[in-house]
Amino acid sequence: MFFQNTNRRDFLMTLGILGGAAVSSRLAGGEATQPSSERLAIEGGEPVRKSLLSARPYGPQFYDDREKQELIEVLESRQPFRWWHEKSKVLQFEKAYAAHLGVKYALGVTSGTTALVTAMAALEVGPGDEVILPAWTWYADYDAIVLAGGLPVFAEVDESFNIDPTDIESKITPQTKAIIVCHLQGTPADLEPIMDIAKKYGLRVLEDFAQCVGGKYKGRYVGTLGDIGINSFQLSKTITSGEGGAVVTNDVVLFERSLRFHDVGSLRSPYQEMLKGGIVAPYASCNFRMSEFTGAVLKAQLEKLETICSRLRQNARFVRENIADLPGIKLRKSPDIEGDIGYAVYIDLGNRQNRDRFLRALRAEGIAAVGPVGSVILPTDRRIEAKATVHREWPSFRTKRAGELRYGAECCPKTIDIINRFGGVIIDPNFTEDDLKDIVKAIRKVYLAMRQA
Ligand SMILES: *Cc1c(COP(=O)(O)O)cnc(C)c1O
């Protein structure tokens, strides 16, 4: 379970010692004077650290001779294009990636965004179709739906920061075709109830695991449980080639549709042979082919994926376990804490004002603290609220239903509340034990001071 001390918390709750409201009102107080030893740095006390401790992008910290060797081989081969030769690094990466995740097919593409656009084409999302997505995620999920001509319909997130399974059913209409489930900031979404809903209504499930590569849900890698999965290898993801992405699926038709879409409608060797000529007719498509240089780096990075994830998990667990006894502490929810990659540790601070004060105080202690990052509350984004597209005749928003559908803050009050009241620390796979102790020390110091205030 997520809370090691659930029973203790429940026990204290029943005694009336703890409770959400009580914690909030105490946190809401000012920044009172502390005993000099524990005086907060923000009030002129001694900071826990002299210089700011901050996580860095994960993948490049693990670049070594393996990436170098793979890249040199591409240079020396003088074959930087994935087709027309036998030793494609992209193909080797695709096979290794699919095997690692335990999925039949993986396709390398140029980015997570183009992987999403490809997945929309594979799922045949088009004008008149509705796709449900979480109100808090990255732009690309929304944009891929609109670029396909479909209508994005937002659902709220819950305290896992992922789509709330209980807010999906009310968003389904006869036009709904798919649900995009995002596994954000390293935490898997609660897929089981979502898959049940999808089955009940005959909907497709697209898993966006861009921020959770290496994460698992009930023992299986996220991205492989829905109809199709996409991820990114951009700098801020678990492993990286700077830019890059992948589409993964167990469905041969979705794979062939993706393959053709990503490469001008064609099916080239060796996929031509592997799919025995294929069964899908070519259709209007793109070029999202991955470069051999990208494939080379990713082939080497994949070998480091489990190391990165296990270090993150270990470091995140250390922080969680050493703040678990703080009175009233409530952490971000995770439907599978063992499968969570440990990207961050987030605490519920009750409301935005307290959260922001908590972040400022932690930064003053030398710990880079942040609110939920890497995504946007999309319905409140100006261009989304305005339903702006590349052309005024764009099909997404021309129906009566689309005209009536309101974006903006009123469509996601719960999401806005949740995203604004959590604050925490991004974990680095190479944080030392001293770093982790400083994080714990700073969180405890600030949290307790704010409670007393
Ligand atoms: C990064 C990201 C994407 C887009 O990936 P790019 O490679 O940057 O295009 C899509 N979805 C989520 C959730 C992401 O975090």
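Computed from the coordinates by the stated procedures, all read-outs in this text should not be read as laboratory data. This one's a predicted model, so the numbers in the text were calculated from it and none came from an experiment. Positions of Cβ are backbone-derived with ideal geometry, glycine not excepted, and every protein chain shown enters the neighbour counts.
Taking the charge dipole of the chain about its Cα centre, with +1 at Lys and Arg Cβ atoms and -1 at Asp and Glu Cβ atoms, the residue from Gly278, Gly45, Gly186 reaching farthest to the positive side is Gly45. Karplus-derived 3J(HN,Hα) values for the stretch 193-202, using 6.51 cos²θ - 1.76 cosθ + 1.60 with θ = phi - 60°, are x, 6, 5, 4, 5, 4, 5, 4, 9, x Hz; glycine and proline are entered as x.
Computed from backbone phi, the HN-Hα couplings of the stretch 308-313 come to 4, 5, 6, 5, 4, 4 Hz, rounded to whole numbers (Karplus: 6.51 cos²θ - 1.76 cosθ + 1.60, θ = phi - 60°; Gly and Pro given as x).
For the chain, what is the calculated [θ] at 222 nm in deg cm²/dmol (nearest 500), taking -39500 (n - 2.57) for each run of four or more DSSP H residues and dividing by its residue count? Result for the chain: -11000 deg cm²/dmol, rounded to the nearest 500.
Near Ala344, the amide H atoms lying under 5 Å from its own belong to Ile427; only residues 5 or more places off or on other chains count, and H is placed 1.01 Å from N. Evaluate E = 1/(1 + (r/R0)^6) for Glu385 and Ser170, where r is the Cβ-Cβ distance and R0 equals 30 Å; express this FRET efficiency to the nearest 0.05. In this case the efficiency is close to 0.90.
Mind listing which trypsin sites (Lys or Arg not before Pro) in the stretch 61-109 are in a DSSP loop and have 16 or fewer other Cβ atoms within 10 Å?
Working: sites: Arg66, Lys68, Arg78, Arg82, Lys87, Lys89, Lys95, Lys104; in loops: Arg78, Arg82, Lys87, Lys104.
Sites meeting the loop and neighbour criteria: Arg78, Lys87, Lys104.
Once backbone amide H atoms are built at 1.01 Å from N, Leu53 has Ile367, Ala368 as its partners under 5 Å, excluding neighbours fewer than 5 places away on the same chain. A cut-off of 5 Å between modelled amide H atoms, ignoring neighbours fewer than 5 places along the same chain, links Thr137 with Val376, Leu378.
Round to a whole angstrom and tell me the spacing of the C-alpha centers of the stretch 310-378 and the stretch 152-207. Each part reduced to its Cα centre gives a spacing of 24 Å.
Annotation for the stretch 251-340: trypsin sites (Lys or Arg not before Pro) lying in DSSP loop with at most 11 further Cβ atoms inside 10 Å of their Cβ are Lys276. At full extension, Ser54 and Ala409 could sit 124.6 nm farther apart than now, given 0.36 nm per residue minus the alpha carbon distance. Mean separation of Cα pairs under 8 Å and 6 or more residues apart, divided by the residue count, gives the chain a relative contact order of 24 percent.
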